[in-house]
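Read the structure below first, then the notes.
Laboratory data are not the source of any read-out in this text; all were calculated from the coordinates shown. What you are looking at is a predicted structure, and each value in this text was computed from that prediction instead of being measured. Glycine also receives a Cβ, built like all others from the backbone with ideal geometry; neighbour counts cover every protein chain displayed.
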Amino acid sequence: SLCAGRPPSLSYQELKDLKKTDVLHIDVRERWEIDRFGKIPASINIPLGELVEALQMDPTAFKEQYHQRMPAKSDPVVFSCLAGTRSKQALGFAKSLGFS
């Protein structure tokens, strides 16, 4: 459950532990950043500018574009970026669309 107030943040080890569970990890960095700095294993890249549209897609279109099952509004999702600013924005976008 999300806490009120500041968005939750995870350490690297907490993220590694979470990824052993059924959590969807969305990396909101730009594609050039993935090319330059590398992809985080088992994450999907949805740049922040595409996120709102992506989270409102038809599930079939989402799977075709991102090669991953679209998350349900109650599914556990983790957002990441380089410094934390964009992932906090992503969390706000997802919550505004009804994701818990």
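Highest mobility in the GNM of the chain, judged by mean-square fluctuation with C-alpha springs under 10 Å and restricted to Gly38, Gly84, Gly49, is found for Gly38. Backbone amide hydrogens, once placed in the peptide plane, bring Leu24 within less than 5 Å of Val77, Val78, excluding anything fewer than 5 places away on its chain.
Under a Cβ-only charge scheme (Lys and Arg +1, Asp and Glu -1), can you give me the dipole magnitude of the chain about the Cα centre, in debye to the nearest 20? Write out the running numbers ahead of the final one.
Numbers: 14 positive and 12 negative charges, 54 e Å.
Approximately 260 debye in magnitude.
Estimate the FRET efficiency between Met57 and Ala83 by the formula 1/(1 + (r/R0)^6), using the beta-carbon distance for r and 25 Å for R0, to the nearest 0.05. Don't skip to the answer; put the middle values down first.
Values: r = 27 Å, r/R0 = 1.08.
So the FRET efficiency works out to roughly 0.40.
The 3J(HN,Hα) values that the Karplus relation (6.51, -1.76, 1.60; θ = phi - 60°) gives for the stretch 62-69 are, in residue order, 4, 5, 5, 6, 10, 6, 8, 5 Hz. Gly and Pro appear as x.
Determine the equivalent ellipsoid of the chain by diagonalising the alpha-carbon gyration tensor, then write out the semi-axes as square roots of 5 times the eigenvalues, largest first, rounded to whole Å. Each step should come with its number before you reach the end.
Working: eigenvalues 66, 60, 39 Å².
Working through the eigenvalues yields semi-axes of 18, 17, 14 Å.
Short-range pairs are left out: with C-alpha atoms under 8 Å and at least six residues apart, the relative contact order of the stretch 12-97 is 35 percent.
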